[in-house]
Amino acid sequence: MQPPAGPDRSDDSGPLPHTRSRPAHWLATAAALAAVILGAALAGPGDATAGATAPAKAPAGPPAAAPDPGAARYPVDCGPFRPEVVRRATSDLDGDGRPETAVEVRCGSGAGTRPSGVYVLAAPAARGGAPRVVATLVDPKEGMSVTGLDATGRTVSATLLGYSRAGVPRCCPDLRRAVKWHWRDGEFVLTALPVAKSV
């Protein structure tokens, strides 16, 4: 019978020499692990990692104020009269975290009812500037009056009053339609609600 090629370890139940743990081995491993943990703690995440994983924080300080309709300039020619703010409603219409103001404006006059305009105001472009008119929902040139202006979520709603013909007195509009403007894909989209049945 041929002798075995290597030493016979069939009766040796202990680990092989190269797998035996020695105190020096464990000390070296613990020291290396401690150095890695300490280095990671001191270095912290880089700027890119922090920006990618940290949740967005709300701006510090009080919430942004809604644009002041009295400080805005409107695209209305009132001649010798000043534009009057008749109604206002505030909401974060475009979802950017800052409120916008929907405003009904008409020219002041001594008598009669002047046509209204409906505008959306956003914060000034520069600090200390006037609020910006970012959308015209109703142009005064359309000859309509407005009632029930409201803003909720991303929607502006109102009731438009108009005239079926030129002979209808300006005091007494004979047409009425509820409408909504929804902020969608970067613009206001008009939806006219069904006209109520006559009684």
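The values are calculated or read from the model by the stated rules, or taken from the named source; none is laboratory data. Being a predicted model, the structure only gives us computed values, none of them experimental. Heads up, the Cβs are rebuilt from the backbone with ideal geometry, glycines too, and the neighbour counts pull from every protein chain shown. Note: accessible area is taken over every heavy atom of the protein model, side chains too, but ligands, DNA and RNA are not part of it. Shrake-Rupley method; radii C 1.70, N 1.55, O 1.52, S 1.80 Å.
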At 1.4 Å probe size, put ARG98, ARG106 in order of accessible surface, largest to smallest. ARG98, ARG106
If you take every residue apart from ALA135 with its C-beta less than 13 Å away from the C-beta of ALA135, what net charge results, scoring Lys and Arg +1 and Asp and Glu -1? -1
Hey, can you grab everything whose amide H is under 5 Å from the amide H of LEU137? Only 5+ residues off in sequence or another chain; H modelled, so Pro and N-termini drop out. VAL118, TYR119, VAL120
Per its Cα gyration tensor (rounded if a/c is under 1.5, else prolate when a/b beats b/c, else oblate), segment 144-199 is best filed as prolate
Where does segment 113-188 land on the Kirkwood hydrodynamic radius, alpha-carbon pairs, in angstrom? 14.0
Computed ³J(HN,Hα) along segment 128-141: with the Karplus parameters 6.51/-1.76/1.60, θ = phi - 60°, integer Hz and x for glycine or proline, the list is x, x, 7, x, 9, 7, 9, 7, 10, 8, 9, 8, x, 5
If one computes the Cα centroid of segment 65-133 and of segment 150-199, what distance in Å separates the two points? 18
For segment 93-100, just list the computed ³J(HN,Hα) in residue order, Karplus coefficients 6.51, -1.76 and 1.60, θ = phi - 60°, integers in Hz, with x standing in for Gly and Pro. 6, 9, x, 8, x, 10, x, 10
